[in-house]
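Structure first, commentary second.
The values are calculated or read from the model by the stated rules, or taken from the named source; none is laboratory data. Computed from a predicted model, the values in this text were never measured in an experiment. Here Cβ is always computed from backbone atoms with ideal geometry, including for glycine, and neighbour counts include all displayed protein chains. Protein only, heavy atoms only, side chains kept; ligands, DNA and RNA dropped before computing areas. Shrake-Rupley method; radii C 1.70, N 1.55, O 1.52, S 1.80 Å.
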Amino acid sequence: MSQLFQIDFSSAKRKRIVGIDLGTTNSLVAFMDLTGPKVIPGPDGERLVPSIVSLTPTGEFVVGHAARKLLIDQPERTVYSVKRLMGRGLEDVKEELTLFPFRIAPDSGNVIKLQLGERQLTPPEISAQVLLQLKRNAEAFLGEEVTQAVITVPAYFNDAQRQATKDAGRIAGLEVLRLVNEPTAASLAYGLDKRQNGVVAVYDFGGGTFDISILRLQDGIFEVLATNGDTHLGGDDIDNLLLRIALEDIAAEWGQDLSGHGEAVQRLRRAVITAKEELSYLPFTHIQFEWEGRSYRRELTRELFEKLIAGIVERTLEPCRQCIADSGVSVEQIDEVVLVGGSTRIPLVRRAVENLFKAKPHTELNPDEVVALGAAVQAGILAGEVENKLLLDVTPLSLGIETMGGVVSKLIHRNSTIPTSATELFTTAVDGQRNVLIHVVQGERELAKDCRSLARFELKDIEPMPAGAARIEVKFLIDANGILNVSARDQRTGKEQSVEVKPSYGLTEDQVEAMIVESIEKAEQDFKERQVREARLEADTILAATEKARASDAWLDLSEQERQQITEATNQLLLVYHSEDHHLIRQKIDELNQATLKLAETMLNSAVRAALKGTKLE
Amino acid sequence: MEQPPCWQCNKKYTGLFCAHCNALQCPVDDYYSVFGMERKLSLDVQALQAKFYELSRLLHPDRFTRRSPLERQYSLEASSLLNKGYRVLRNPVQRAEYVLKKEGFDIGEQGTKDVPPELLEEVFELNMALEELKMGDQQARGAVEEARQRFAAMRDEIDRELEQLFQQWDEKHERATLQQIRGLLNRRRYIHNLVTEVENVATLSN
């Protein structure tokens, strides 16, 4: 049998890297164990952590299922689907604001700030809370500190959205070793490479984003040929559509407009989501909603549901066609299609995919979990535990600089395999000019104003020279995370030229640093407290066992000296029991363990003897 | 060209990795050199792909997560070169342009807008037909399609000629051959743009 994953046992002691799917609706954390990728459940046993964050009046963050309840009780302190705002400016999200109950703080500049109770938080800070919860879950499950992660992002995320995700990781105290595109992560989890070499399409329709990627698989290499998508298209849009209809319905029936009522809207949203989910396996269902003693009930057939959402499903198909065209393969050459994301449970979506790709899609793996599992595989690749696989991904959008007249000069084309780079030569326009400003944009349009502004890079302290004499070589490098790095060099002197980055949307380095300091202090505190708690629990166990053993026959078999040693070790442990130093508690636990070794052995032997004799031991 | 000694163990080596301490070296900014190939114009794209995958396994940043910052930087640069090189070298036209540039030829966009004199009349007629089609005259479609096929055939012919010249240069390395290739590439670029434009207009007016 071929080895599923080649495991390097020497790395077992090294720091573990977890894989995280930071989703619009739900988030998950997974890791590689000896048999393959596994999702890590939370303390409540749940595998999905809803990406919902609530700030309690006492200033604590509540995340996940608990926060979902608060979404209804305390909508003004709770936020969901914040991924939609990552790396975006106020201008971009106007449309979202009409559909989502985001409360934008008044002083939002090129980074949106949300009002949560009395605090104002940026989307990366809120996402960091979700990541922190996943980090804690992983630490509790694995019994070790977790500081390194692979985080997935929609393939069609631009530079600012990727940077914002990375910032969120750093704020949560995680070193983000790699951002992986969600559809590609899913293909890793499917292990399709084991079955055959060929071409695979991954259709990823999640809560808030849509991605399509086409890959060539060959002997463990996953080469992305092309990717496309829409970072603002997902199950959320279906929910909003149904919600609008239900609100209108209720307004007509009750003569009462509930749309301004946060709690009612959240309850009704839950009701339409339930109906939507049921229609994936039932021919009809009801939207049921109770409010202040009145009840609303409306039948919804799958047929009508499909008519309503046809437009949304159709919107996923154009990116698919573009992606096929860009990949250089024909539909017939695509061997398999993989479905990812909760929205692919909808039968109409499955039919649309089947029609377009003329292939029956794969649905073996849970579409909610497959991305996290893939992230764990990628973590295994980075840790050197998975040696036979390699992902070669692409940049989803072309990168260019603004030139004369606002026209974009393309430097890196979309669907270029990353890492990739381009070099441009810049000079000065006037005598003695010290600075040069470079405006970098992302997108496919001809004019800079129609593309996404990424950042302005300022070349500083150029030696004063006649106009046009300076020769500054600027290197634009997109790394394996799909994030742009810019460096500059004076061609004449060979010296590094300083570049100042002014991101168009997103946090500056200083802002992120400040947030990290604040959160790390808290996280370290949390982690320490937990360690102490766990050490005390362990002490409780061994103290109770020792106490019990004192009453056994085996205790009498010990020498006086041995008994004294045990008593001494017990007292030592009791002495440090209430200290805040978990290392010390563990040290004393170990000492007591040592002292009671012989006692334990004697007790075990007498238990075995008793068992052999057939007598029952109490 | 002599390579400097290994940055880590200071011994002599050839290739991307030091033969003594296995440290990744600063890559040379040349696509052929990253692929470990001689500068040739004819190449087997299938073999190029195999080589690309093989080298990706060695050079990709995923393989250097737990290595020194310097090696991580070299890995980034080397795999970026490899990726760009694969994109350029697998395409005969881009490959030829790259070699021309490396051999000191200026391969700017000049001349691509000028109609080659021998095509003047045909291009004029095609443009007329295109205008008519854009105005909604579906009868012009036949003439446009006919012209498209003719120009596409011309492009194919150029590709065959290029292939021969590629082999010729690989064998003899004569500058005159490159000169010829450059002329042919300019002509090809013009015809190729024409065909693409015709295809766009034809789909849009459908």
Considering only residues that are among the small types (G, A, S) and in a helix (DSSP H, G or I), which ones fall in the range B:169-206? B:A176, B:G183, B:A202
When B:S80 is run through (1) without any contact (Cβ under 8 Å) to a residue 12 or more places away in the chain; (2) touching a Pro at 6+ places or on another chain (Cβ under 7 Å); (3) over 30 Å from B:L16 (Cα atoms), the failure sits at (3)
Hey, A:N228 in contact (Cβ under 8 Å) with a residue 60 or more places away in the chain, crowded, with 21+ Cβ neighbours inside 10 Å and of a type in the set (S, T, N, Q) or not: yes
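Out of curiosity, is A:G342 within 20 Å of A:N26 (Cα to Cα), within 19 Å of the chain's Cα centre (by Cα) and at pLDDT below 90?
For A:G342, the condition - within 20 Å of A:N26 (Cα to Cα), within 19 Å of the chain's Cα centre (by Cα) and at pLDDT below 90 - is met.
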Going through the range A:558-581 one residue at a time, which ones are surrounded by 14 or more Cβ atoms within 10 Å (Cβ to Cβ) and either assigned to a helix (DSSP H, G or I) or not assigned by TED's automatic domain parsing to the domain that holds A:T602 (or both)? A:E562, A:R563, A:Q565, A:I566, A:A569, A:T570, A:Q572, A:L573, A:V576
Subset of the range B:55-75, residues open to solvent by 30 Å² or more (accessible area, probe 1.4 Å) and within 11 Å of another protein chain (Cβ to nearest Cβ), comes to B:R57, B:L58, B:R63, B:R66, B:R67, B:R72, B:Q73
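Rundown of residues vs (1) within 14 Å of chain B (Cβ to nearest Cβ); (2) of a type in the set (A, V, I, L, M, F, W, C); (3) part of a helix (DSSP H, G or I), yes/no style:
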position	(1), (2), (3)
A:K135	no, no, yes
A:A138	no, yes, yes
A:A160	no, yes, yes
A:K166	no, no, yes
A:L177	yes, yes, no
A:V199	yes, yes, no
A:D204	no, no, no
A:V224	yes, yes, no
A:N228	no, no, no
Residues of the range A:117-145 being surrounded by fewer than 21 Cβ atoms within 10 Å (Cβ to Cβ) and closer than 26 Å to A:L268 by Cβ, which ones? A:G117
Residue in the range B:26-49 that is within 14 Å of another protein chain (Cβ to nearest Cβ), in contact with a strand residue (DSSP E or B) (Cβ under 9 Å, 6 or more places away or on another chain) and in a helix (DSSP H, G or I) present: yes
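Here is a yes/no grid of residues against (1) open to solvent by 30 Å² or more (accessible area, probe 1.4 Å); (2) closer than 16 Å to B:A96 by Cα:
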{"site": "B:A129", "(1), (2)": "no, no"}
{"site": "B:E145", "(1), (2)": "yes, no"}
{"site": "B:R148", "(1), (2)": "yes, no"}
{"site": "B:L162", "(1), (2)": "no, yes"}
{"site": "B:I181", "(1), (2)": "no, yes"}
The one condition in (1) touching a residue at least 40 places away in the same chain (Cβ under 8 Å); (2) in contact with an Asp or Glu (Cβ under 6 Å, 6 or more places away or on another chain); (3) not charged (D, E, K, R) that A:A569 fails to fulfil: (1)
I'd like the full set of residues that are surrounded by 14 or more Cβ atoms within 10 Å (Cβ to Cβ) and among the polar types (S, T, N, Q), limited to the range B:183-206. B:N186, B:S205
For B:A23, work out the one condition from (1) open to solvent by 40 Å² or more (accessible area, probe 1.4 Å); (2) touching a residue at least 12 places away in the same chain (Cβ under 8 Å) it doesn't fulfil. (1)
Which condition number does A:V176 fail, the rest of (1) farther than 26 Å from A:V63 by Cα; (2) open to solvent by less than 20 Å² (accessible area, probe 1.4 Å) being met? (1)
Would you mind telling me which numbered condition in (1) within 14 Å of chain B (Cβ to nearest Cβ); (2) out of contact with any Asp or Glu (no Cβ under 7 Å at 6 or more places or on another chain); (3) closer than 19 Å to A:A372 by Cα A:T184 fails? (2)
Residue hits (the range A:283-299; surrounded by 13 or more Cβ atoms within 10 Å (Cβ to Cβ) and within 21 Å of A:A352 (Cα to Cα)) are A:F284
Can we say A:T602 is at pLDDT 80 or above, closer than 14 Å to A:D553 by Cβ, among the β-branched types (V, I, T) and part of a helix (DSSP H, G or I)? yes
Of all strands (runs of 3 or more DSSP E) fully inside the range A:385-461, the set with 1 or more residues that are surrounded by 19 or more Cβ atoms within 10 Å (Cβ to Cβ) and within 14 Å of chain B (Cβ to nearest Cβ) is A:390-392, A:399-402, A:408-412, A:420-426
What pairs come out if I take residues in the range A:572-599 that are in contact (Cβ under 8 Å) with a residue 40 or more places away in the chain and pair them with residues that are aromatic (F, W, Y) whose C-beta lies under 9 Å away, six or more apart or interchain? A:I585/A:Y577; A:K588/A:Y577; A:L599/A:W555
With respect to A:A375, is the statement that it is within 14 Å of chain B (Cβ to nearest Cβ), at pLDDT 95 or above and surrounded by 15 or more Cβ atoms within 10 Å (Cβ to Cβ) true? yes
Within the range A:500-508, can one find any residue that is surrounded by 16 or more Cβ atoms within 10 Å (Cβ to Cβ), at positive phi and at pLDDT 85 or above? no
Any residue in the range A:265-272 that is outside the structural domain of A:L85 (by TED's automatic domain parsing), part of a loop (DSSP other than H, G, I, E, B), in contact with a Phe, Trp or Tyr (Cβ under 9 Å, 6 or more places away or on another chain) and open to solvent by 60 Å² or more (accessible area, probe 1.4 Å)? no
Where the second residue is open to solvent by 40 Å² or more (accessible area, probe 1.4 Å) and the first is over 16 Å from B:M128 (Cα atoms) and lies in the range B:142-155, which pairs have Cβ atoms under 7 Å and are six or more apart or on separate chains? B:R155/B:H192
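Out of all the residues in the range A:464-477, is one or more within 30 Å of A:R162 (Cα to Cα), within 27 Å of the chain's Cα centre (by Cα) and in a strand (DSSP E or B)? Spell out how you get there, then give the answer.
Residues of the range A:464-477 within 30 Å of A:R162 (Cα to Cα): A:472-477.
This time we only want the ones that are within 27 Å of the chain's Cα centre (by Cα), so: A:476-477.
Restricting the remaining residues to those that are in a strand (DSSP E or B) gives A:476-477.
Taking every residue of the range A:464-477 in turn, at least one turns out to be within 30 Å of A:R162 (Cα to Cα), within 27 Å of the chain's Cα centre (by Cα) and in a strand (DSSP E or B).
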Would a scan of the range A:60-76 turn up a residue that is β-branched (V, I, T) and closer than 18 Å to A:I20 by Cβ? yes
A:G380 passes all but one of (1) assigned to a loop (DSSP other than H, G, I, E, B); (2) more than 20 Å from A:A155 (Cβ to Cβ); (3) within 14 Å of chain B (Cβ to nearest Cβ); which number fails? (1)
For the list (1) assigned to a helix (DSSP H, G or I); (2) within 17 Å of the chain's Cα centre (by Cα), I need the number of the one condition that A:I151 fails. (1)
